[in-house]
1. Among the lysines, which fall within straight-line cross-link reach of K154, defined as a Cα-Cα distance under 29 Å, with same-chain neighbours fewer than 8 residues apart omitted?
2. What is the log10 of I(q)/I(0) for region 26-68, computed with the Debye formula using one identical point scatterer on each Cα and no solvent, at q = 0.20, 0.22, 0.32 Å⁻¹?
3. Would you work out the charge dipole size for region 45-108 about its Cα centre, treating the Cβ of every Lys and Arg as +1 and the Cβ of every Asp and Glu as -1, and quote it to the nearest 20 debye?
4. So if I take the centroid of the Cα atoms in region 66-135 and the same for region 1-62, what is the distance between those two points in Å?
5. Explain nothing, just the number: relative contact order of the chain, from Cα pairs under 8 Å at least 6 residues apart, as a whole percent.
6. Report for region 1-158 the percent antiparallel among DSSP-assigned beta bridges with both residues inside it, nearest 5.
7. What value, in deg cm²/dmol to 500, does the helix sum -39500 (n - 2.57) over DSSP H runs of n ≥ 4 give at 222 nm once divided by the residues of the chain?
8. Expressed as an acute angle from 0 to 90° and rounded to the nearest 10, what is the orientation of the C-alpha long axis of helix 4-17 relative to the principal long axis of the chain?
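The values are calculated or read from the model by the stated rules, or taken from the named source; none is laboratory data. This one's a predicted model, so the numbers in the text were calculated from it and none came from an experiment. In this analysis, Cβ positions are derived from the backbone assuming ideal geometry, glycine residues included, and neighbour counts consider all displayed protein chains. What goes into the accessible areas is simple: the full protein's heavy atoms, side chains included, and nothing from ligands, DNA or RNA. Shrake-Rupley method; radii C 1.70, N 1.55, O 1.52, S 1.80 Å.
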Amino acid sequence: MKDHGTFFAAAEQTVRARANVHFVLAGENTQTLREVVLKKGLMDVVHLLGYRNDMEALLPGIDICCLSSAFGEGFPNVIGEAMACGVPCVSTDVGDVRGIIEETGSIVPIRDADALAKALIDLIDRGPEERERLGRAARQKIETCYSLPTIVAKYAALYVHLARRAGCA
């Protein structure tokens, strides 16, 4: 599922291109990636937090959310959560991310470290004002398409449609 190899290769390229960059990895077992980070020489710029239950406190403090997965994603919660916090995202093209992110961030092919690094560098180079604009658009997209009332209404409409089709309504 998560493609740490591609992520770390992209991180290496990004650090070489833009000196003042830091990466924060949060999630179950991310602290086990310490050896990889050491081998890649990224200990000064990669922060392994492990499992956190306060992502709503962490996400607003980041500039870009990056998801590097190779398979197995449907609706990646981290993308929706980051967008809800006004954070633009860069993601590999897995699951539903293309439709979720759309024009509010960047989508790159899976297992393509060069494309991932290029997308990260591009968002860095756009500057804080453009990232803030993209973040506002990302939040609006989540509120419009994925808020609880919106999803409840979509399910209700689906159930009514299915019931009518089955002759139950």
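1. K141
2. With one equal scatterer per Cα and no solvent, log10 I(q)/I(0) is -0.73, -0.85, -1.17.
3. 160
4. So the two Cα centres are separated by 15 Å.
5. About 21 percent, as a whole number.
6. DSSP beta bridges in region 1-158 are roughly 10 percent antiparallel.
7. Here the helix-only value at 222 nm equals -17000 deg cm²/dmol.
8. 60
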